[in-house]
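The values are calculated or read from the model by the stated rules, or taken from the named source; none is laboratory data. Small disclaimer: the values here were computed from a predicted structure and weren't measured. Every residue, glycine as well, gets a Cβ built from its backbone with ideal geometry; the counts of neighbours run over all protein chains shown. These accessible areas exclude ligands, DNA and RNA; they are computed on the full protein's heavy atoms, side chains included. Shrake-Rupley method; radii C 1.70, N 1.55, O 1.52, S 1.80 Å.
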Amino acid sequence: MTDLAAALAAIDAANAEDPDTSEGAPAAQLYGQRMTEELLRLFPNASEPLQIAARGQHIERWTLKRADYPEGREGYLNWRRDLARHHADRVGGIMRQAGYSEDDAEAAGRMIRKEGIKRNEDVQMLEDVICFVFLKWYFAPFSETQDPEKMQRIVAKTARKMSIAGRERVLREFELPENLAAAFKP
């Protein structure tokens, strides 16, 4: 028998250790809860592996520091790849302890590692949720730290990762300046 509540609680417990409490709660824990909230709003019939992948997408993110990797794009991409592997491994272990099958744990891992984006429905749903969470809670403060040209590139890259339905929904739900909204238009 599987236990969704136990898996989510284990992820929350791990993320409660995040030393970043700048928003009044551990950042990774808050992010996971926002991911769950947005997933259930956008995809109320999400599978349990998708619900767990969404909650654990940034599990223990603080344990692999960007500063420990070389500067530049290659260092950044290696850091992101290693983070995704770490998140997938930790979530898979939690799922197994909560009674999920190896297949379910591997499916969640593929979602977290974004294997099959644009080809796998669950991976794409997770990516759309990631983009909505970014736009809803992190875009405004992040954009204040970036120059406008770089922000335009980031928004365009975010939009390209999303499904067509996700991009259409962004245009309905967010009031973006025209230059940024253009990235979400078909």
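Per-structure values
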quantity: Neighbour-limited loop hits for GluC sites (Glu not before Pro), region 22-65 (at most 14 other Cβ within 10 Å; DSSP other than H, G, I, E, B); calculated: Glu23
quantity: Cα gyration tensor category, rounded, prolate or oblate, for region 79-186 with a/c compared to 1.5; calculated: prolate
quantity: √(5λ) per eigenvalue of the Cα gyration tensor, the chain, largest first, Å; calculated: 26, 20, 16
quantity: Solvent-accessible heavy-atom area per residue, rounded to whole Å², over region 1-92 at 1.4 Å; calculated: 51 Å²
quantity: Additional length obtainable on full extension of the chain from Lys118 to Asn179, 0.36 nm per residue less Cα span; calculated: 19.5 nm
quantity: Length-normalised contact order for region 1-105 - Cα pairs under 8 Å, 6+ apart - percent; calculated: 32 percent
quantity: Inter-label distance for Gln33 and Thr21, nm, one decimal - labels placed 7 Å from Cα along Cα-to-Cβ; calculated: 1.3 nm
quantity: Accessible surface of the chain, 1.4 Å probe, proportion on carbon and sulfur as whole %; calculated: 52 percent
quantity: Leu171 paired with Glu74, simple spin-label distance in nm, labels 7 Å along Cα-to-beta-carbon; calculated: 4.0 nm
quantity: On Cα atoms only, tilt of 27-42 relative to the major axis of the chain in degrees; calculated: 80 degrees
quantity: Between region 42-81 and region 100-152, the Cα center-to-center distance that results, in Å; calculated: 9 Å
quantity: Three-way shape call for region 55-122 based on the alpha-carbon gyration tensor, with the a/c threshold at 1.5; calculated: oblate
quantity: Overall form of region 1-60 per C-alpha gyration tensor (a/c, 1.5; a/b vs b/c); calculated: oblate
quantity: Test item: Cα-centred dipole of the chain, Lys/Arg +1 and Asp/Glu -1 on Cβ, debye; calculated: 660 debye
